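Following: one structure in structure tokens, then a few remarks.
Every number here is computed from the coordinates shown, using simple stated rules; none is lab data. From a predicted model like this one, the values you see are computed outputs, not experimental measurements. Glycine gets a Cβ as well: all are built from the backbone with ideal geometry, and neighbour counts include every protein chain shown.
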Amino acid sequence: MFLLAAFFFTSLETAAAQQPAKPAELKVLDRVVGKWRFEWESKPTELDPKGSKGSGTSTNEWILDGWFQQHRGKVGDSGPEILEIWTYDQQTKTYRAWGFIGPGGGRYEGTAIWDEKSSTLTYKGKGPRDVTFVSTWRFIDNDNREATRIATDAAGKVVQDTLFKLTRQK
């Protein structure tokens, strides 16, 4: 059924006299294309009383004719794999992202806005078990960025407070 729906909507797009131009806002995502190494440090929470540290890698590339960006990540040697899909939604004027974590089928989604002045993408969303989060990506230069994530449960209790440092791999 899904494939039939995809074919139908693809046919509608193909039938259009002219394909829409890609929004200039997609260029913001060019900043994260490539291979990255990340390190993180989480503050202690009730669920993680000692806090935690770790590292991982991410490979980010354009897919579907440059309308979407795929991020494939791996946390450490034995940690979970993460797949994210990013794009710019012209109707809502926000960046949209969908994330999937395996094993276990965890998922999250959110929207983001770009602040050119501070070179920061601010991303808000919802994950499993009614967890909500606010993240930032601050671009220091072409090869370095810092990110934060603060996640709270349905009662408003902080379940994650993490700082990430990301470096482009050459």
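Listed values, structure above:
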item: Relative contact order of the stretch 47-107, defined on C-alpha pairs under 8 angstrom at six or more residues apart (%); result: 22
item: Hz values of 3J(HN,Hα) by residue in the stretch 27-34 - Karplus curve (6.51, -1.76, 1.60), Gly and Pro given as x; result: 4, 4, 6, 4, 4, 10, 5, x
item: Contact order normalised by residue count of the chain, Cα under 8 Å, 6+ apart, percent; result: 17
item: Neighbour net charge for ASP48 - beta-carbon separation under 14 angstrom, K R +1, D E -1; result: +1
item: log₁₀ of I(q)/I(0) at q = 0.13, 0.14, 0.20, 0.22 Å⁻¹ - the stretch 25-168, Debye sum with one point per alpha carbon; result: -0.57, -0.67, -1.48, -1.79
item: The stretch 21-75 - charge dipole about Cα centre, Lys and Arg +1 at Cβ, Asp and Glu -1, debye rounded to 20; result: 180
item: Exceeding the 25 Å Cα-Cα cut-off - candidates LYS53/LYS126; LYS117/LYS157; LYS124/LYS170; LYS43/LYS157; LYS93/LYS157; result: LYS117/LYS157; LYS124/LYS170; LYS93/LYS157
item: Sum of side-chain charges, PHE100 neighbourhood, beta-carbon under 15 Å (Lys, Arg +1; Asp, Glu -1); result: +2
item: Fluctuation leader among SER119, SER58, SER135 - the chain, Gaussian network, Cα springs under 10 angstrom; result: SER119
item: Alpha carbon centroid spacing (whole Å) that separates the stretch 28-50 from the stretch 96-145; result: 10
item: Estimated vicinal HN-Hα couplings, Hz - the stretch 139-150 in sequence order (Karplus 6.51, -1.76, 1.60; Gly, Pro = x); result: 8, 7, 7, 5, 10, 9, 8, 10, 9, 10, 8, 10
item: Loop GluC sites (Glu not before Pro), the stretch 53-121 (other Cβ atoms within 10 Å of the site Cβ: 11 or fewer; DSSP); result: GLU116
